[in-house]
Amino acid sequence: MRDNIRMAKKTFYLLVPIILISGCAAAPAKNSGIWITGISESLTRYYIPATTWQEKTDRSVTCRLDMTYIDEPGRPVICNISFFNKNIPFKEVTSLSFTENDRIYPLNDVRIMFTRTEYNELRVTSVIEVTELLNLFQNEKIQLKTVIDSAEYILEPDTEFIQYSKQFLEQVKP
């Protein structure tokens, strides 16, 4: 009985470091760029990690945006966005689009995923056609325009998002 316990402890102490090291090696490094994963012989998943966007005039409003795309014909890019307001929680998103100069790239099928009032967070999901996103990513002056609870906000991305958009352009072919 004691020998079994000793053997189990030895096995545990040997396996834990191996599991931790292999898990860390498999995880992408912070700020390493977009994540590209093969999900079958013909399909690839592209993930743009969450980046922070700041409102131009009202610094109490920010958002975190991430995107997922699977390169299957006809499949749109999924955009998940968490909106934060330092003052009060948001309740409803009326419109949502990317803009660059005078061009508008609407986000479609906008749905609320959840709200977390303790963080004043409103999480939504939406989609955009990959060709539209690729056209948008040709520019560096990208903004996110939204109407939430009857107020319009214009948010601008951090530099990390611009780097990710360039990587996405290099990797994804229409």
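None of the figures in this text is laboratory data; all of them are computed from the coordinates on show. If you're wondering where the values come from, they're calculated on a predicted model, not measured in any experiment. Cβ coordinates were reconstructed from backbone atoms using ideal geometry, including for glycine residues, and neighbour counts include every protein chain displayed.
Go over the candidates Tyr119, Tyr153, Tyr105 one by one and state the one that is closer than 27 Å to Asp71 by Cβ and either surrounded by 18 or more Cβ atoms within 10 Å (Cβ to Cβ) or without any contact (Cβ under 8 Å) to a residue 60 or more places away in the chain (or both).
One residue alone meets the criteria, Tyr105.
Taking the stretch 93-129, which residues are in contact with a strand residue (DSSP E or B) (Cβ under 7 Å, 6 or more places away or on another chain) and among the acidic types (Asp, Glu)?
Hits for the stretch 93-129 are Glu100, Asp109, Glu121.
Which numbered condition in (1) in a loop (DSSP other than H, G, I, E, B); (2) over 12 Å from Tyr153 (Cβ atoms); (3) out of contact with any helix residue (DSSP H, G or I) (no Cβ under 8 Å at 6 or more places or on another chain); (4) not β-branched (Val, Ile, Thr) is the only one that Arg75 fails?
(3)
The rows are residues; the columns are (1) in contact with a Leu (Cβ under 6 Å, 6 or more places away or on another chain); (2) farther than 17 Å from Glu100 by Cα; (3) assigned to a strand (DSSP E or B).
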| position | (1), (2), (3) |
| --- | --- |
| Val124 | no, yes, yes |
| Val127 | no, yes, yes |
| Glu132 | no, no, no |
| Leu144 | yes, no, yes |
| Tyr153 | no, no, yes |
| Glu156 | no, no, yes |
| Phe161 | no, no, no |
| Gln167 | no, yes, no |
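Out of the stretch 61-102, which residues are buried (at least 18 other Cβ atoms within 10 Å of the Cβ) and more than 16 Å from the chain's Cα centre (by Cα)?
Of everything in the stretch 61-102, those that are buried (at least 18 other Cβ atoms within 10 Å of the Cβ) and more than 16 Å from the chain's Cα centre (by Cα) turn out to be Val61, Asn85, Phe90, Val93.
Which one is surrounded by the most Cβ atoms within 10 Å (Cβ to Cβ) among residues in the stretch 36-53 that are part of a strand (DSSP E or B) and among the aliphatic types (A, V, I, L, M)? Give the derivation first.
Pass one, the stretch 36-53, residues part of a strand (DSSP E or B): 36-38, 44-53.
Right, trim to among the aliphatic types (A, V, I, L, M) and you get 36, 48, 50.
On the way: Ile36: 14, Ile48: 22, Ala50: 15.
Among those residues, the one meeting the criterion is Ile48.
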